[in-house]
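Reading through the structure tokens given below for one structure.
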Amino acid sequence: MRSLLIPGLTMLGLVVVGGWVEFQRLAWRDDAGLARAVTILGAMPESIGDWAGEQFERPQRELDLTQAHAAFCTRLKAPEASGAEVSVMLLCGETRGLAVHQPTVCFQAGGWIPLGQPVKRILKEDGLNLEFNQIDFSQKEGGPPALRVFWGWSDDARNWLAPEFPRLALRKSPFLFKIYGSRVLTPAEVRSETEHGFPKVDTCQQALRATVKELISRLEQSEGENSANSVTAASAN
């Protein structure tokens with residue numbers, strides 16, 4: 001009897017916990033906020049600030065894996081003489097889907113070999129907290145770094161985080177933005193970093209910072225328009 005009771009109680013506990021998680025997800029939903037984020041991503045310019053850009057599309061099957069509601073993808077060219085290019089992908093969607101996918105899985109599936117574990121890189125300025133994971137990949141076993149990738153999540157576009165367990169850490173957020181930045185590493189850069197260490201601010205970080213500032217500007221503009229419309233509607237009544 002006891003052997004039957006314990007599995008039954010365990011299953012009941014899983015059902016209760018699962019129901020509570022789903023209840024919390026529904027309680028924290030912000031459909032209007034997510035819809036606004038989707039609209040904003042659809043209107044993002046391919047060039048960001050001083051960075052010339054060229055918009056591109058990712059295969060739909062890749063976007064389906066991320067469970068994103070909207071995606072903005074652009075290749076940004078650094079305004080400096082180096083002309084380094086950074087591929088940026090900005091997503092938005094419900095937390096339970098967007099917080100799960102880790103880019104290391106996709107790159108490994110594409111034949112890239114990760115060099116070590118992701119490292120947190122933090123940049124704080126102008127009231128922004130830009131905390132991103134960073135990892136380098138090689139094209140062959142034992143080969144030099146050839147590709148650098150940054151990524152992180154945010155629920156307000158101002159405070160970006162790179163938690164070890166994002167779905168747990170961000171579970172109370174009704175929806176999320178997620179951003180990726182990737183670029184090819186040149187042999188000269190690899191030699192320089194071997195001698196002098198990781199740069200204070202990587203080119204990827206610069207491109208992500210510019211993209212985040214553009215996103216914030218558009219969010220603030222949208223919030224201002226919503227406030228003005230609410231005041232107008234209230235006055236009319």
For the range 141-162, give me each residue that is touching a Phe, Trp or Tyr at 6+ places or on another chain (Cβ under 8 Å), under 30 Å from residue 223 (Cα atoms) and not aromatic (Phe, Trp, Tyr). 152, 154, 155, 157, 161, 162
Every residue from the range 82-129 that is surrounded by 19 or more Cβ atoms within 10 Å (Cβ to Cβ), within 21 Å of residue 65 (Cα to Cα) and of a type in the set (Val, Ile, Thr): 88, 95
Taking only the range 168-183 into account, find how many residues are surrounded by fewer than 19 Cβ atoms within 10 Å (Cβ to Cβ) and either of a type in the set (Lys, Arg) or closer than 17 Å to residue 44 by Cβ (or both). 2
Can you give me the number of residues within the range 46-92 that are of a type in the set (Asp, Glu) and within 17 Å of the chain's Cα centre (by Cα)? 3
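Every residue, every condition in (1) of a type in the set (Asp, Glu); (2) within 19 Å of the chain's Cα centre (by Cα); (3) under 22 Å from residue 97 (Cβ atoms), yes or no:
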{"position": "152", "(1), (2), (3)": "no, yes, yes"}
{"position": "163", "(1), (2), (3)": "no, yes, yes"}
{"position": "179", "(1), (2), (3)": "no, yes, yes"}
{"position": "183", "(1), (2), (3)": "no, yes, no"}
{"position": "195", "(1), (2), (3)": "yes, no, no"}
{"position": "198", "(1), (2), (3)": "no, no, no"}
Residues (closer than 16 Å to residue 97 by Cβ and assigned to a strand (DSSP E or B)) located in the range 45-77: 70, 71
Can you pull out the residues in the range 141-166 that are in contact with a Ser or Thr (Cβ under 6 Å, 6 or more places away or on another chain) and among the aliphatic types (A, V, I, L, M)? 146, 149
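If I ask for residues that are of a type in the set (Phe, Trp, Tyr), closer than 24 Å to residue 110 by Cβ and in contact with a Leu (Cβ under 8 Å, 6 or more places away or on another chain), which ones from the range 125-171 would you list?
Residues of the range 125-171 of a type in the set (Phe, Trp, Tyr): 132, 137, 150-151, 153, 160, 165.
Applying the additional criterion that residues be closer than 24 Å to residue 110 by Cβ yields 132, 137, 150-151, 153.
Listed by number, the residues that qualify are 132, 137, 150, 153.
Here, each number is a calculation from the coordinates, and none is a lab measurement. From a predicted model like this one, the values you see are computed outputs, not experimental measurements. Every residue, glycine as well, gets a Cβ built from its backbone with ideal geometry; the counts of neighbours run over all protein chains shown.
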